[in-house]
1. Out of (1) assigned to a helix (DSSP H, G or I); (2) in contact (Cβ under 8 Å) with a residue 12 or more places away in the chain; (3) more than 13 Å from the ligand (Cβ to nearest atom), the odd one out for R280 is which?
2. Of the residues that sit in segment 261-270 and are surrounded by 24 or more Cβ atoms within 10 Å (Cβ to Cβ) and of a type outside the set (S, T, Y), which one is nearest to I50 (Cα to Cα)?
3. So if I check each of D205, D194, D180, which one is in contact with a Phe, Trp or Tyr (Cβ under 9 Å, 6 or more places away or on another chain) and of a type in the set (D, E, K, R)?
4. Restricting attention to segment 88-95, does a residue exist that is under 22 Å from V214 (Cα atoms), out of contact with any Lys or Arg (no Cβ under 8 Å at 6 or more places or on another chain) and of a type in the set (D, E)?
5. Which of the residues that make up segment 79-89 are more than 14 Å from the ligand (Cβ to nearest atom) and buried (at least 23 other Cβ atoms within 10 Å of the Cβ)?
6. Restricting to segment 36-57, name every residue that is out of contact with any Asp or Glu (no Cβ under 6 Å at 6 or more places or on another chain), of a type in the set (A, V, I, L, M) and crowded, with 22+ Cβ neighbours inside 10 Å.
7. Pick from I65, I50: which is within 16 Å of the ligand (Cβ to nearest atom) and either in contact (Cβ under 8 Å) with a residue 60 or more places away in the chain or part of a loop (DSSP other than H, G, I, E, B) (or both)?
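Just so it is clear, none of the values below were taken in a lab; they were calculated from the coordinates. From a predicted model like this one, the values you see are computed outputs, not experimental measurements. Heads up, the Cβs are rebuilt from the backbone with ideal geometry, glycines too, and the neighbour counts pull from every protein chain shown.
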Amino acid sequence: MIRQLIDKIQKTKAPICVGLDPMLSYIPEHVMKKAFEEFGETLEGAAEAIWLFNKEIVDHVYDLIPSVKPQIAMYEQFGIEGLKAYTKTVNYCQEKGLFVIGDAKRGDIGSTSAAYATAHIGQVKVGNKSFSAFGTDFLTVNPYLGTDGVKPFVDVCKEEDKGLFILVKTSNPSSGEFQDQLINGRPLYELVADKVVEWGADCMDGTYSNVGAVVGATYPEMSRILRKLMPNTYFLVPGYGAQGGTAEDLKPCFNEDGLGAIVNSSRGIIAAYKSEKYARFGGEHFGEASRQAVIDMVTDINRVL
Ligand SMILES: O=C(O)c1cc(=O)[nH]c(=O)n1[C@@H]1O[C@H](COP(=O)(O)O)[C@@H](O)[C@H]1O
């Protein structure tokens, strides 16, 4: 799976994914109005607004990018209706030829992880039939429970030729509270990195493993170390834009060949029209604002590669 994603990254010359993290506060009035006219101010109405918003953005950017990363929490807050909008979004993006990184950050004891893996990247058996429930191409995974909590994801990954991105060093301000703690003189994120390499050794798909790592853009000095520790691991790099990560900060996440990392931006793209830089587009043309924000992000990143 990672090889196919890399092909698409090379074709588009865009090592990015657009984070589809819709909040109602980002959705322009005319879209909200349309959804509420049909479904009222209900969970269905909110889900419809999210779907219309996502579709417009995807229609404006799909030809420029290799992938999207919907964050499931943004959908889950509207319950089952929100999850339907998530599924609709995943399917639509795949129809448009995009790789979908489901951002659900799952991880539990082995048997529970197995069910999560089935739901997101696997096939669920119902009688004699099998169904792909969420059907995303990649999934983010939380490794806190250790090998038996991660292995079921790796197994499904192998069976189905899917991919994972496992949290190694996250972008948020408190990420060091646990992740930077020294254990036998080495920070925890380095120990997790070693494990990610081990878990991924059996899942090579060309030069890179289908088991990737999440490495935040906001800690470039740590990215440099992690890049060396994990030469054949693809990095999903969030934290560019809204969280303050810059193109210069991203450079250490990439290998010499310009590969090795895919950079996410969510608010910076989907809510672009709300920022001063793209305000000229206005709410009516939010899709065009997102398109321009993608073009600018790609130019900015390619400048340092
Ligand atoms: O796994 C992630 O994607 C993730 C890991 C991390 O360390 N930091 C991080 O921000 N994320 C996700 O990346 C997205 C960042 O959104 P923006 O800050 O709006 O670009 C959100 O969906 C976060 O949940």
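1. R280 satisfies every listed condition except (2).
2. My answer is I270.
3. Of D205, D194, D180, the one residue that is in contact with a Phe, Trp or Tyr (Cβ under 9 Å, 6 or more places away or on another chain) and of a type in the set (D, E, K, R) is D180.
4. No, segment 88-95 has no match at all.
5. Result: A85, single match.
6. Of all residues in segment 36-57, those out of contact with any Asp or Glu (no Cβ under 6 Å at 6 or more places or on another chain) come to 36-38, 40-42, 45-46, 48-57.
Of the ones still in play, those that are also of a type in the set (A, V, I, L, M) are 46, 49-50, 52, 57.
Across segment 36-57, the qualifying residues are A46, A49, I50, I57.
7. On the way: I50 fails: either in contact (Cβ under 8 Å) with a residue 60 or more places away in the chain or part of a loop (DSSP other than H, G, I, E, B) (or both).
From the options I65, I50, the qualifying one is I65.
Yes/no per residue for (1) on the phi > 0 side of the Ramachandran plot; (2) surrounded by 13 or more Cβ atoms within 10 Å (Cβ to Cβ); (3) away from the ligand (no atom under 13 Å from the Cβ):
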| residue | (1), (2), (3) |
| --- | --- |
| D155 | no, yes, yes |
| D161 | yes, yes, yes |
| L182 | no, no, yes |
| L191 | no, yes, yes |
| V196 | no, yes, yes |
| D202 | no, yes, yes |
| D205 | no, yes, yes |
